[in-house]
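Undergrad: My structure is below; once you've seen it, I'll send some questions.
The values are calculated or read from the model by the stated rules, or taken from the named source; none is laboratory data. Remember, it's a predicted structure, so these values are computed and weren't measured experimentally. Every residue, glycine as well, gets a Cβ built from its backbone with ideal geometry; the counts of neighbours run over all protein chains shown.
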Ligand SMILES: Nc1ncnc2c1ncn2[C@@H]1O[C@H](COP(=O)(O)OP(=O)(O)O)[C@@H](O)[C@H]1O
Ligand SMILES: [Mg+2]
């Protein structure tokens, strides 16, 4: 370890202190297919800083979901390292990776999957039941999350009456209620019309800015791309390009 008071290693220290919330180093993912192996991700090197609003963009089959699953510690790389909040996810026990997901990572999927017999409030509250909150703390957190997405007035309704856009807003509240550091959204606008897609994205931009949550989308939706601050193009399991969109405010039309 270098001496921190030594001027000679100042630049080294600055470099070291840059905080990456996610680091993917040479990540390879192979799946068994027939008698052989299919390479779904091929030597992915990517780093994400806290508070990024970024997207994995690429055609179907390019590896977007596989990569999100690895970042979310739902799956492990075949080779290489995936560090999430400083933890190498391949080295975590089953329990440790569940803890990482339950406390620090929120997921939003293309299909919302709300539990139909429970109210909207209860669907969001489920995300907190694995944590040590009292009922009144849960109520406060759930109502706040429903306010973020504008659904606090229908908290007691069952999800069967919701439109697709409202369902996806409940999914955002469910993913954000535990205030995760990382929010992974796999094609979240795929089943939404344009107006709902923009409303959802504006909500996510607001949460990104207010809570400094790191967002990573997978998408091939042009509407989503307009909001992103960083676009990572994947093709055949490889990073084809990685561009920061610095000059743009990520709220089009405002
Ligand atoms: N469990 C699996 N077993 C075999 N092949 C898989 C598995 N998961 C994904 N793949 C393959 O890996 C490639 C990338 O898939 P995926 O990450 O789902 O792509 P995308 O999300 O970009 O559409 C695809 O060719 C897919 O068929
Ligand atoms: Mg996918």
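Undergrad: Could you grab me the full set of residues in region 140-193 that are touching a residue at least 60 places away in the same chain (Cβ under 8 Å), part of a loop (DSSP other than H, G, I, E, B) and under 30 Å from residue 20 (Cα atoms)?
TA: The answer is 178, 180, 181, 187, 188, 190.
Undergrad: Being more than 11 Å from residue 55 (Cα to Cα) and either touching a residue at least 40 places away in the same chain (Cβ under 8 Å) or surrounded by 21 or more Cβ atoms within 10 Å (Cβ to Cβ) (or both) is the filter here, so list the residues in region 215-244 that pass it.
TA: 235, 236, 237, 238, 239, 240
Undergrad: So which residues in region 59-95 are on the phi > 0 side of the Ramachandran plot and in contact with a strand residue (DSSP E or B) (Cβ under 7 Å, 6 or more places away or on another chain), if there are any at all?
TA: Within region 59-95, 63, 73, 80, 85 meet the criteria.
Undergrad: For residue 56, all conditions in the list (1) in a strand (DSSP E or B); (2) under 19 Å from residue 180 (Cα atoms); (3) within 16 Å of ligand 1 (Cβ to nearest atom) hold save one; what is the number of the exception?
TA: (2)
For (1) under 23 Å from residue 113 (Cα atoms); (2) within 16 Å of ligand 1 (Cβ to nearest atom); (3) modelled with pLDDT of 95 or more; (4) within 15 Å of the chain's Cα centre (by Cα), each residue gets a yes or a no:
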{"site": "141", "(1), (2), (3), (4)": "yes, no, yes, no"}
{"site": "154", "(1), (2), (3), (4)": "yes, no, yes, no"}
{"site": "157", "(1), (2), (3), (4)": "yes, no, yes, no"}
{"site": "162", "(1), (2), (3), (4)": "yes, no, no, no"}
{"site": "168", "(1), (2), (3), (4)": "yes, no, no, yes"}
{"site": "186", "(1), (2), (3), (4)": "yes, yes, yes, yes"}
{"site": "215", "(1), (2), (3), (4)": "yes, no, yes, yes"}
{"site": "231", "(1), (2), (3), (4)": "no, yes, yes, yes"}
{"site": "234", "(1), (2), (3), (4)": "no, yes, yes, no"}
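Undergrad: So, one more: Would region 61-76 turn up any residue that is more than 22 Å from residue 245 (Cα to Cα), more than 16 Å from ligand 2 (Cβ to nearest atom) and under 15 Å from the mean Cα position of the chain (by Cα)?
TA: Scanning region 61-76 turns up at least one residue that is more than 22 Å from residue 245 (Cα to Cα), more than 16 Å from ligand 2 (Cβ to nearest atom) and under 15 Å from the mean Cα position of the chain (by Cα).
Undergrad: Hey, does region 110-130 have a residue that's within 16 Å of ligand 1 (Cβ to nearest atom) and touching a residue at least 12 places away in the same chain (Cβ under 8 Å)?
TA: yes
Undergrad: Can you run down the residue pairs with Cβ atoms below 9 Å, 6 or more apart or on separate chains, where the first is in region 22-38 and more than 20 Å from residue 89 (Cβ to Cβ) and the partner is within 16 Å of ligand 2 (Cβ to nearest atom) and part of a strand (DSSP E or B)?
TA: Listed pairs, sorted by first residue: 32/38; 37/31; 38/31.
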